[in-house]
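One structure is given below, encoded as structure tokens.
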Amino acid sequence: MLPSLEEFTQRAGEIRARIAAACAAAGRDPAEVELLAVTKTHPVAAAELAARLGLRAVGENRVQEGVEKRAQLAPAHAALRWELIGHLQSNKARLAAGHFDRIQSVDSEKLLRHLDRAAAERGRTLPVLLQINAGDDPAKFGADPAGAARLLDEALACPHLQVDGLMTIAPLGATPAETAAHAVRTFGRLRALRDELAARTGRPLRELSMGMTGDLEAAVAAGSTLVRVGTALFGAR
Ligand SMILES: *Cc1c(COP(=O)(O)O)cnc(C)c1O
């Protein structure tokens, strides 16, 4: 069940306090870290809670689910941005490009081509992040870090795409300690890769989308600019 607005406000405050503490420890400004509310599997009311709290955007991981919820959203919240954070198949690229404000899960040249064409047809520039499998997790989507430079070059050559940065998901370990170690390694690696790619291309690649309910501190320590939080805001799915 979804929390009340009061309960939701309190939970968001707790997340912001966690972000602030991690920023303080890392000597960072908390204003550099945005909270993205992940509303997947929850009804449209979850997105409305996020909007009422003044959050800029929500994250969905399935195209169809996001499209349906966005259509149901109360008009008062029309300014809310929708970001796709789940795997996207090329055959859904057109639908996604028409209904999402940013796609965080771009992980192949084929998908880049489909999205660029779809954005061109709509006469828009579509912001994207490149999803990198920085934890080498066989169970996760995302481009191989070794192929990231090439994927970025392809993305930068797409006239209707705007590459804001990189995204990753850390692998789960067999124990909490192992999961925590994976998070530190994965996020540090994405940060280093971003710095290297930014230096090589001269593009800022400002956005580093990394960190979720369980590992946002490690992500903020490594330079995350966007933490994607579902469970701690809306409860277990
Ligand atoms: C579900 C999901 C999240 C949110 O995870 P929580 O652990 O519920 O905070 C973040 N990122 C992606 C890509 C997800 O699919």
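Assorted remarks:
- Taking the stretch 189-204 as the range and being buried (at least 20 other Cβ atoms within 10 Å of the Cβ) and of a type in the set (A, V, I, L, M, F, W, C) as the test, the residues that pass are L190, L193, L197.
- Evaluation of M167 against (1) over 18 Å from S108 (Cβ atoms); (2) within 14 Å of the ligand (Cβ to nearest atom) (one fails), failing number: (1)
- Single condition R113 does not satisfy, out of (1) in a loop (DSSP other than H, G, I, E, B); (2) more than 15 Å from the ligand (Cβ to nearest atom); (3) touching a residue at least 24 places away in the same chain (Cβ under 8 Å): (1)
- If the condition is being part of a loop (DSSP other than H, G, I, E, B) and at pLDDT 95 or above, then the stretch 123-144 contributes G123, R124, T125, N133, A134, G135, G142, D144.
- Residues that are touching a strand residue (DSSP E or B) at 6+ places or on another chain (Cβ under 8 Å), among the hydrophobic types (A, V, I, L, M, F, W, C) and either more than 12 Å from the ligand (Cβ to nearest atom) or touching a residue at least 60 places away in the same chain (Cβ under 8 Å) (or both) within the stretch 60-102 comprise V63, L80, W82, I85, A96, A97, F100, listed in sequence order.
- Flag for A183 being within 13 Å of the ligand (Cβ to nearest atom) and touching a Phe, Trp or Tyr at 6+ places or on another chain (Cβ under 7 Å): no
Every residue, every condition in (1) within 19 Å of G86 (Cβ to Cβ); (2) crowded, with 21+ Cβ neighbours inside 10 Å; (3) modelled with pLDDT under 95; (4) not aromatic (F, W, Y), yes or no:
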| residue | (1), (2), (3), (4) |
| --- | --- |
| A148 | no, yes, no, yes |
| L161 | yes, yes, no, yes |
| L166 | yes, yes, no, yes |
| T175 | no, no, no, yes |
| A181 | no, no, no, yes |
| V184 | no, no, no, yes |
| F187 | no, yes, no, no |
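- Members of the stretch 210-237 that are under 12 Å from the mean Cα position of the chain (by Cα) and either closer than 19 Å to G13 by Cα or within 8 Å of the ligand (Cβ to nearest atom) (or both): G211, M212, S224, T225, L226, V227, R228, V229, G230
- Cβ-Cβ under 9 Å pairs, at least 6 apart or on other chains, the stretch 213-232 side on the phi > 0 side of the Ramachandran plot, far side more than 6 Å from the ligand (Cβ to nearest atom) and part of a helix (DSSP H, G or I): G223/A26; G223/E32; G223/F187; G223/G188; G223/L190; G223/R191; G223/R194; G223/D195
The values are calculated or read from the model by the stated rules, or taken from the named source; none is laboratory data. No experiment lies behind these values; they were computed from the predicted model shown. Glycine gets a Cβ as well: all are built from the backbone with ideal geometry, and neighbour counts include every protein chain shown.
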